[in-house]
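First the structure, in the form of C-alpha cells, and then the observations on it.
The values are calculated or read from the model by the stated rules, or taken from the named source; none is laboratory data. Given the structure is predicted, the values throughout are model-derived calculations rather than measurements. Glycine also receives a Cβ, built like all others from the backbone with ideal geometry; neighbour counts cover every protein chain displayed. Only protein heavy atoms, including side chains, enter the accessible area calculation; ligands, DNA and RNA are left aside. Shrake-Rupley method; radii C 1.70, N 1.55, O 1.52, S 1.80 Å.
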Amino acid sequence: MKIVLFGYGKMGQIIEKFAQKRGHEIHLIVNSENRNLIRVADLEDADVAIDFGVPQAALSNMELCLEANLPIVMGTTGWYEHIDAIKAKCLSVEGSILYGSNFSIGVNIFFHINKMLAKAIQPYKAYDVQVEEIHHIHKLDAPSGTAITIAEGILNNSDVKTAWVNSLVGEGEEEIIPKANELLIESHRIEEVPGTHTVVYSSEVDQIEFKHTAHSRDGFALGSVIAAEWLFGKQGFYQVTEMFDFNR
Ligand SMILES: NC(=O)C1=CN([C@@H]2O[C@H](COP(=O)(O)OP(=O)(O)OC[C@H]3O[C@@H](n4cnc5c(N)ncnc54)[C@H](OP(=O)(O)O)[C@@H]3O)[C@@H](O)[C@H]2O)C=CC1
Ligand SMILES: O=C(O)C1=N[C@H](C(=O)O)C[C@H](O)C1
C-alpha cells in the first residue's frame, strides 16, 4: 500500500520502519512544516493515511482525508470531543476512519479484561477503584487516551462511578479529590516512560492491581500498520477494538 504519514515524530518514524518491513511504501510525510501546503490532489495516488501527530490537527487531517476519499487510521489522542461530529461526517460521505487510543495488542487485551474485571467486582461495594497512567514528559494530553478508554470500560460496568476526573501529579498542579461517584485518573509525567497503565481496586483488607507496561513504542506502531491493512477496502467509522476477535 502507498501510505501517507501525518506526523513524523517519535511514532511516525517507527511506523515508517514497520510499514516498509511489511512491504508498504511511504508515499508522503506530513508534519507541521508542510501541513498547510497539502491539498486533496497530493493524496490522490495514496491508499491509506496513518496519523500520529498533534491533537489540534487531528480533526482537520481527518476532514482532508474524507475530502480526498482516503481511508485514515487515527492514532493521535486528545481530540475526542469531536468524535460525534467527525463520525457523522464520515458516515454521510461514506468515508473510512479507524481510530484508537492504543494500537498495541497487549493493551487491547487489557481493555477486554478490564471490562470483565469491573463487571466481576461490581457487586462488591467494599472496593474503590482508580486508574493510574505514567508517560514521558513530552506528552501533550492528560489523561492519556488509553486511560480514558480504560475509565470508560469501568464506568460502563459500575453502578457507583458515573464520570472520570483527572489529576495531573506534579509541582504546581492542583490535587483533585474525587467524589464518591467520580473515578480518579491519576496522571504522572516521568522522564521517557513509553506508557504504563494500572487499574487499582482497594478495600480495607486488600488491593487488586491490574497493570500494562509498554517496554517501547514498537507495539503501538506495528498495531497501527496492521490497522491500516485491516481498514483498506472498508467503508465506515471504526474503533481499533473492532479489529480483535475477542471483542466480538
Ligand atoms: N493510539 C496509539 O496507540 C498511540 C497514540 N499516540 C499518540 O500519537 C500522537 C503523536 O505521538 P508522538 O509521535 O509521540 O508525538 P511527537 O511529538 O513525537 O510527534 C508529533 C508529530 O506531529 C507533527 N505535527 C505537528 N503539527 C502537525 C500537523 N498540523 N499535521 C501533521 N503533523 C503535525 C510534528 O511535526 P513537527 O516535528 O514538524 O512539529 C511531529 O512530527 C500523540 O497524540 C500520542 O498520544 C502515541 C503512541 C501510541
Ligand atoms: O503519547 C504517548 O506516548 C502515548 N499515547 C497514547 C495515549 O494517550 O494513550 C498511547 C500510549 O500510551 C502512548
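The residues of region 54-81 that are without any contact (Cβ under 8 Å) to a residue 60 or more places away in the chain and open to solvent by 40 Å² or more (accessible area, probe 1.4 Å), listed by number, are 56, 59, 60, 63, 67, 69, 81.
Of the residues in region 183-192, not one is closer than 18 Å to residue 128 by Cβ and loosely packed, with under 15 Cβ neighbours inside 10 Å. If you go through region 1-38 and keep only what is among the β-branched types (Val, Ile, Thr) and under 17 Å from the mean Cα position of the chain (by Cα), you end up with 14, 15. No other residue among 38, 86 is at pLDDT 95 or above and within 14 Å of ligand 1 (Cβ to nearest atom) apart from 38. Every test in (1) on the phi < 0 side of the Ramachandran plot; (2) away from ligand 2 (no atom under 16 Å from the Cβ) is passed by residue 239 save one, and that test is (2). Among the residues making up region 211-228, a single one is open to solvent by 30 Å² or more (accessible area, probe 1.4 Å), β-branched (Val, Ile, Thr) and over 16 Å from residue 133 (Cα atoms): 226. The residues of region 86-128 that are surrounded by fewer than 20 Cβ atoms within 10 Å (Cβ to Cβ) and among the hydrophobic types (A, V, I, L, M, F, W, C), listed by number, are 88, 91, 93, 105, 109, 113, 116, 117, 120, 121, 126.
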